[in-house]
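Student: One structure, pasted below without further comment.
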């Protein structure tokens, strides 16, 4: 199946999700309002910790706001484009009904990853843009075009890592069927990504840089947008994201080989 056909299939899935989302306009509006509310609530701990104090590990309140902007954007990606499709796979594995996906003439990983989108989560992207504007207004300058380009590149790597971790979690369901709580555990850990990773010490800094690379998802893109990320770190982040993607693909293929359908 060619890349063009996959793009057409993705476009079809998006159109279906948009149509379904527009059927419930009040739900969309309520979700948008709640996104704004929770975004503002999420700024309170940062405000308490950093406003009126000197820089902590080089992070002022204004600069840390950029990390929150990336967190808000990635949270929208997680809850709008990754979780809606992948969480339902666990139930399909448990019931043995994944056959209907595996028998289709397309890559199974692609199909389960694009089955459903929560269109209302696009509001998270708008909230993230508002946070970026507010942060750089406080800083007193706009980000340089080269920094914007690098941060957008790191957005791709961050999305790949986020998606790969979710694929690894879902793939584990082929071995241990009751894995719902593990997905929710990752969502809880992801909340730590709203903080710059250099604020953590010892074990937690290593864990959030290597084991669950929250630094790659929010701190590095924020540093890139601020113009403080070393090129070597950006290159390492890209290589790390590709490695995560390759591992996730290999684990998924192995997991599919263990699948026992309802008709087996």
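Student: What is the extension gain from residue 88 to residue 175, computed as 0.36 nm multiplied by their sequence separation minus the C-alpha to C-alpha distance, in nm to one decimal?
Tutor: Separation in residues times 0.36 nm, less the Cα-Cα distance, equals 29.7 nm.
Student: Still on this structure, please answer the following. Roughly what angle does helix 61-77 make with the longest principal axis of the chain, taking Cα atoms, 0 to 90 degrees, to the nearest 10?
Tutor: Between helix and principal axis, roughly 10 degrees.
Student: Still on this structure, I have one more. Taking the Kirkwood radius as the inverse of the mean 1/r across Cα pairs, report the Rg/Rh of the range 97-147.
Tutor: Rg/Rh: 1.34.
Student: Then there is this: What FRET efficiency comes out for residue 41 versus residue 12 if R0 is 51 angstrom and r is the Cβ-Cβ distance? Round to the nearest 0.05.
Tutor: With a Förster radius of 51 Å, E is 0.90.
Student: Would you kindly compute the Cα radius of gyration of the range 38-98 and its largest Cα-Cα separation (Dmax), both in Å?
Tutor: Rg, Dmax (Cα atoms, Å): 18.0, 56.
Student: Further, regarding this structure: Just to be sure I understand the model, the point goes 7 Å from the Cα along the line to the Cβ. What's the resulting residue 104 to residue 60 distance in nm?
Tutor: The two pseudo-label positions are separated by 5.0 nm.
Student: Separate question: On the Cα set of the range 185-226, report Rg and Dmax in Å, please.
Tutor: 9.7, 31
Student: Let me ask something else about it. By how many degrees, between 0 and 90 and to the nearest 10, does the Cα long axis of helix 25-50 differ from the longest principal axis of the chain?
Tutor: 40 degrees
Student: Would you please put 59-68, 242-251 in order of how densely packed they are, using the mean number of other Cβ atoms within 10 angstrom per residue and starting with the highest?
Tutor: Per-residue Cβ counts within 10 Å, averaged per peptide and sorted highest first, yield 59-68, 242-251.
Student: Would you kindly calculate the mean projected area, averaged across all directions, of the convex hull enclosing the Cα atoms of the range 122-212, in square nanometres?
Tutor: One quarter of the hull surface, i.e. the mean projection, equals 7.8 nm².
Student: Quick one: check the C-alpha center-to-center distance for the range 6-42 versus the range 105-128, whole angstrom.
Tutor: The two parts, judged by their Cα centres, are 10 Å apart.
Student: Per residue of the chain, what 222 nm ellipticity follows from adding -39500 (n - 2.57) for every DSSP H run with n ≥ 4, rounded to the nearest 500?
Tutor: When only DSSP H runs of four or more count, the value is -22500 deg cm²/dmol.
Student: I've got another one for you. How far, in degrees from 0 to 90, does helix 122-139 lean away from the longest principal axis of the Cα atoms of the chain, to the nearest 10?
Tutor: Orientation of helix 122-139: about 20 degrees from the principal axis.
Student: Hey, can you rank 227-240, 122-135, 161-174 by average C-beta count inside 10 Å, highest first?
Tutor: 161-174, 122-135, 227-240
Student: With the Cα gyration tensor of the chain in hand, give its eigenvalues times 5 under a square root as the equivalent ellipsoid semi-axes, listed largest first in whole angstrom.
Tutor: 34, 21, 18
Student: Sort all Cα-Cα distances of the range 191-264 into consecutive 10 angstrom bins from zero, then give the percent of pairs in each bin up to the one containing the longest distance.
Tutor: Each 10 Å bin holds this share of Cα pairs: 17, 37, 24, 13, 7, 1.
Bear in mind that the values in this text are calculations on the coordinates, not laboratory data. These numbers were taken from a predicted model, which means no experiment stands behind them. So basically every Cβ, Gly included, is an ideal-geometry build from the backbone, and we count neighbours across all protein chains shown.
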